[in-house]
Amino acid sequence: MESNHSVRSLPSQPKVAVIGLGYVGLPLAVAFSRHLPVLGFDINAARVAELNGGEDRTLEVTPAELQEALAGGARFSAHQADLADCNTYIVTVPTPIDNYKTPDLGPLLAASKTIGSVLKPGDVVIYESTTYPGCTEEDCVPVLEKTSGLVFNRDFYCGYSPERINPGDKVNTLATIRKVTSGSTPEAAAWVDALYQKIITAGTFCASSMRVAEASKAIENAQRDVNISFVNELALIFDRLGIDTQEVLRAAGTKWNFLPFQPGLVGGHCIGVDPYYLAHKAQAVGYYPQVILSGRRVNDSMGIFVASKVVKLMIQKGIAIKGARVLVLGLTFKENCPDLRNTRVVDIVHELEQFGLQVAVHDPWAQPEEAAHELGISLVPQFRLEDYQAVVLAVAHREFKDLPLAPNTPNRPYVVYDTKAFLPVAQVDGRL
C-alpha cells in the first residue's frame, strides 16, 4: 500500500467534470468532449434535462454542437454520485455580489464541498469562476480538504484558469481567446496548461501562480469598468453643456491612441461585479481603492440619469407625467444575447416607476419566465408604438434597428431616448 505521506501523481488520462453548466461551463464541456471523457454537472435538474434534450437556452452552443457532444459520449447530470468517476474537476459556477456589494462565495464554496465529497488522491480541481487574488487557496482549498480528508498539494492539486467568455459573441469564442492558466505546484501548472492546450487554438499563458491568474481576471474587467465610467461621466457633463457626447467621441477618436469606449449601462456577470471582488480584497489588506469604486458609483448611477432625462424631455414637450406610458426596449445586459445577469436596465424601469409612469418592457431575446422570476418584470410580447408617450431604447438588439418611429406631431408628442446611440439621430430626442 502507498504511504499516506507520498505525493500523488497527476492524472495520466484526464476524466473531466465541469461543475456548472451556464454560459461558461457548457461551451467548456462541449469543447473538452471532443478530446476527453466529459461529465457536465449542474444542481439545476431542469437545465440538465434541457441539455440532454439537445437544447441550450443560453444560445452559447448550437443544437448541432450539443448533439455532437452527446453523440460523442458527453454526459449531463444533476446526480452528485456521477462525479465520482472523474479525476479533473473544473468549477464554473457564478460568483455574484450581494445587496451590500460584497462577494458572495456561496455557490463557489458549495461546489467545492460537492467536489470534496468525491475527491480522490491524485485528482485536480481547477477554478474558472471569477474571484479575488488568493480565493482559491484561502477559501476553496480548506473546504476541499475538510470535506475530503485529503491534503492539498500532497493528495490533490488545484489550478486557476479564468473564464473569458463573452456572451453572444460568435467571433471571440472559447477556442479563439488566449487562456491564462496556473497551478498549485509547478508540475500542476504544467499539467493544467497542457489540458487547456487541447481545446484553445489561440494558445495559453501559464501564470507564475494562481494568485497572479486570479488577479489578472479581476483587473481585465476593472479596467473596462473604469474606462466606461470615464465616458459615462463625460456624458453627464456634456448633457449639462448641451453637447452631443457621440459627436465629441467621434472627433476625439480621430487621434490614433484615443480609446474607443462608449457610454452606457454596465451590467453582466463580469464588468459590473468583478471590481467589487478586487476592492473587497484590497480593503481586507488595508487599502481602500478610490479609482475602482468611484468608477463603480458613476456606472451604477446611469440608469437613474437616463430615467430622469426621459422625464425632463417629456415635461419639455408638455406630456403629463403621472400615469403616462413608457416602453422600454430591451432588458438583457447586452445586445443579441438572452443573458439577464446583473442587467442595469432594471434601474431605468424602477426609476421611471418612481416618477409615477406606467412602464412596459419588450425584449425578443430574454426568456419571459426568467425575467419574471429573477427580476419581477413581466415582458410584453408585442407592442404598438402609438400606445406610448415615451420610448427608451435600452439594448441594441438587431430587431430594433429599423424601428418604425412615427414623427412627433402637435396632437401626439412623444419622447424617444436612445441609450446606445443605435437609432438614427434624427429620430431621437436624446441619447447617451
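The values are calculated or read from the model by the stated rules, or taken from the named source; none is laboratory data. A quick note: this is a predicted structure, and the numbers were derived from the prediction, not measured. Cβ placement follows ideal geometry from the backbone for every residue including glycine, while neighbour counts extend to all protein chains displayed. Protein only, heavy atoms only, side chains kept; ligands, DNA and RNA dropped before computing areas. Shrake-Rupley method; radii C 1.70, N 1.55, O 1.52, S 1.80 Å.
If you build a Gaussian network model of the chain, linking Cα atoms that sit under 10 Å apart, which residue out of F238, F258, F152 swings the most?
Between F238, F258, F152, it is F258 that shows the largest mean-square fluctuation.
Compute the normalised compactness of segment 233-369: alpha-carbon radius of gyration over 2.2 N^0.38 Å, N being the residue count. Kindly include the intermediate steps, with their values, before the conclusion.
Numbers: Rg = 17.5 Å, N = 137, 2.2 N^0.38 = 14.3 Å.
Normalised by 2.2 N^0.38 Å, the Cα Rg of segment 233-369 equals 1.23.
For A190 and K312, what is the calculated FRET efficiency with R₀ set at 60 Å and r taken between the beta-carbons, to the nearest 0.05? Before the final figure, lay out the partial values.
On the way: r = 60 Å, r/R0 = 0.99.
Step by step, r from the Cβ atoms, then E = 0.50.
Just need the relative contact order of segment 292-432 here, percent rounded to a whole number, with Cα pairs under 8 Å and 6+ apart.
Working: 237 pairs, mean separation 36.0, N = 141.
The normalised contact order for segment 292-432 reaches 26 percent.
Tell me which trypsin sites (Lys or Arg not before Pro) from segment 255-301 have a DSSP coil assignment and no more than 16 other beta carbons within 10 Å of their own. It would help to have the intermediate numbers written out before the result.
Details: sites: K255, K281, R296, R297; in loops: K255.
When the trypsin sites (Lys or Arg not before Pro) of segment 255-301 are filtered for loop state and at most 16 Cβ neighbours within 10 Å, K255 remain.
Grab the Cα-Cα distance for N172 and D139, subtract it from 0.36 nm times how many residues apart they are, and report the gain in nm with one decimal. Spell out each step's value before the answer.
Numbers: separation 33, 0.36 × 33 = 11.88 nm, distance 3.14 nm.
Extending this stretch completely gives an extra 8.7 nm.
Which residues' amide hydrogens lie under 5 Å from the amide hydrogen of K15, considering only partners 5 or more residues apart or on another chain, with H built in the peptide plane?
It is N87, T88, by chain and number.
Among DSSP beta bridges lying fully in segment 314-432, give the percent that are antiparallel, nearest 5. Walk me through the numbers on the way to the answer.
Numbers: 1 of 17 bridges.
Percentage antiparallel, nearest 5: 5.
Using R₀ = 45 Å, calculate the FRET efficiency as 1/(1 + (r/R₀)^6) where r is the Cβ-Cβ separation of T62 and N411; round to 0.05. Intermediate values should be presented prior to the final figure.
Values: r = 49 Å, r/R0 = 1.09.
Here the calculated transfer efficiency is 0.40.
Given segment 11-139, what percent of its DSSP beta bridges are antiparallel, to the nearest 5? Working shown, then result.
On the way: 1 of 16 bridges.
Expressed as a percentage, antiparallel bridges in segment 11-139 total about 5.
Just reorder K217, K146, K120, K198 by solvent-accessible area, largest first, 1.4 Å probe, all chains present. Spell out each step's value before the answer.
Working: K217 5, K146 180, K120 65, K198 95 Å².
The residues order as K146, K198, K120, K217, largest area first.
With the Cα gyration tensor of segment 333-432 in hand, give its eigenvalues times 5 under a square root as the equivalent ellipsoid semi-axes, listed largest first in whole angstrom.
Numbers: eigenvalues 102, 50, 32 Å².
Semi-axis lengths for segment 333-432 are 23, 16, 13 Å.
In sequence order, what are the phi-derived ³J(HN,Hα) couplings for segment 17-34 according to the Karplus relation 6.51 cos²θ - 1.76 cosθ + 1.60 with θ = phi - 60°, rounded to whole Hz, with x for glycine and proline?
After applying 6.51 cos²θ - 1.76 cosθ + 1.60, I find 10, 9, 9, x, 10, x, 4, 8, x, 5, x, 5, 4, 5, 5, 5, 5, 6 Hz.
Please give the length that would be gained between W256 and A78 if that part of the chain were fully extended, namely 0.36 nm times their separation in residues minus their C-alpha to C-alpha distance (nm, one decimal).
Net length gain for the segment: 58.9 nm.
Please list, in order along segment 113-122, the HN-Hα scalar couplings obtained from phi with the Karplus expression 6.51 cos²θ - 1.76 cosθ + 1.60 (θ = phi - 60°), rounded to whole Hz, x for Gly and Pro.
After applying 6.51 cos²θ - 1.76 cosθ + 1.60, I find 5, 4, 5, x, 6, 10, 5, 10, x, x Hz.
Where is the GNM fluctuation largest for the chain (alpha-carbon springs, 10 angstrom cutoff): Y288, Y89, Y157?
Evaluated over the chain, the most mobile residue of the options is Y288.
Can you say what percent of the DSSP beta bridges in the chain, counting only those with both residues inside, are antiparallel? Round to 5.
Values: 3 of 42 bridges.
Just about 5 percent of them are antiparallel.
Tell me, which longest segment in the chain has none of the GluC sites (Glu not before Pro) that fall in DSSP loops with at most 14 further Cβ atoms within 10 Å?
Numbers: sites that count: E2, E55.
Here the longest segment lacking exposed loop sites spans 56-432.
222 nm [θ] for the chain, helices only, -39500 (n - 2.57) per DSSP H run of 4+, per residue, to 500? Don't jump to the answer; show the numbers that get you there.
Details: 12 runs with 143 residues, N = 432.
Computed ellipticity for the chain at 222 nm equals -10500 deg cm²/dmol.
Can you compute the charge dipole magnitude of segment 80-152 about its Cα centre, using +1 on each Lys and Arg Cβ and -1 on each Asp and Glu Cβ, nothing else charged? Give it in debye, rounded to the nearest 20.
Numbers: 4 positive and 10 negative charges, 20 e Å.
Here segment 80-152 has a charge dipole of around 100 debye.
So if I place +1 on the C-beta of Lys and Arg and -1 on the C-beta of Asp and Glu, and nothing else carries charge, what would the dipole magnitude of the chain be about its Cα centre? I want it in debye, nearest 20.
Values: 39 positive and 47 negative charges, 179 e Å.
It comes to approximately 860 debye.
For segment 174-248, divide the Cα radius of gyration by the Kirkwood radius and give the resulting Rg/Rh value with two decimals. All intermediate terms of the calculation are to be shown ahead of the outcome.
Numbers: Rg = 19.4 Å, Rh = 15.0 Å.
Over the Cα atoms of segment 174-248, Rg/Rh equals 1.29.
Quick one: which residues, 5 or more positions from R431 or on another chain, have an amide H under 5 Å from its amide H? H modelled 1.01 Å from N in the peptide plane, none for Pro or chain starts.
D418
So for the pair S216, L385, with labels modelled 7 Å out along Cα→Cβ, what separation do we get in nm?
That separation, rounded to one decimal, is 4.7 nm.
How large is log10 I(q)/I(0) at q = 0.15, 0.18 Å⁻¹ when the Debye formula is applied to the Cα atoms of segment 178-299, each weighted equally and without solvent?
Taken in order of the listed q values, log10 I(q)/I(0) reads -0.84, -0.99.
What residue among G73, A284, I115 has its Cα farthest toward the positive end of the dipole of the chain, where the charges are +1 on Lys, Arg and -1 on Asp, Glu, each on the Cβ?
Most positive-ward Cα: A284.
In whole percent, what relative contact order does segment 244-334 give with Cα contacts below 8 Å and a gap of six or more residues? Could you put the intermediate results ahead of the total?
Working: 33 pairs, mean separation 24.5, N = 91.
Taking the mean separation of contacting Cα pairs over the length of segment 244-334, I get 27 percent.
Anyone know which of N227, N411, N336 comes out most mobile in the 10 Å Cα GNM of the chain?
Fluctuation is largest for N411.
Might you report the magnitude of the Cβ-based charge dipole of segment 313-431 about its Cα centre, with Lys and Arg at +1 and Asp and Glu at -1, to the nearest 20 debye? Provide the component values of the computation, followed by the final result.
Numbers: 12 positive and 15 negative charges, 82 e Å.
Around 400 debye, computed over segment 313-431.
Between I319 and E55, what is 0.36 nm times their sequence separation minus the Cα-Cα distance? Round to one decimal in nm. Please list the in-between numbers first.
On the way: separation 264, 0.36 × 264 = 95.04 nm, distance 4.58 nm.
Result: 90.5 nm gained on full extension.
What figure, in Å² to the nearest 10, do you get for the accessible area of K113 with a 1.4 Å probe and non-protein molecules left out?
Accessible area of K113: about 130 Å².
Compute the distance in nm between two label points, each set 7 Å from the Cα along the Cα-to-Cβ direction, one at H280 and one at H373.
2.4
Need one number for the chain: average projected area of the convex hull over its C-alpha atoms, nm². Numbers along the way, then the final one.
Details: hull surface 91.5 nm².
For the chain, the mean projected area of the Cα convex hull comes to 22.9 nm².
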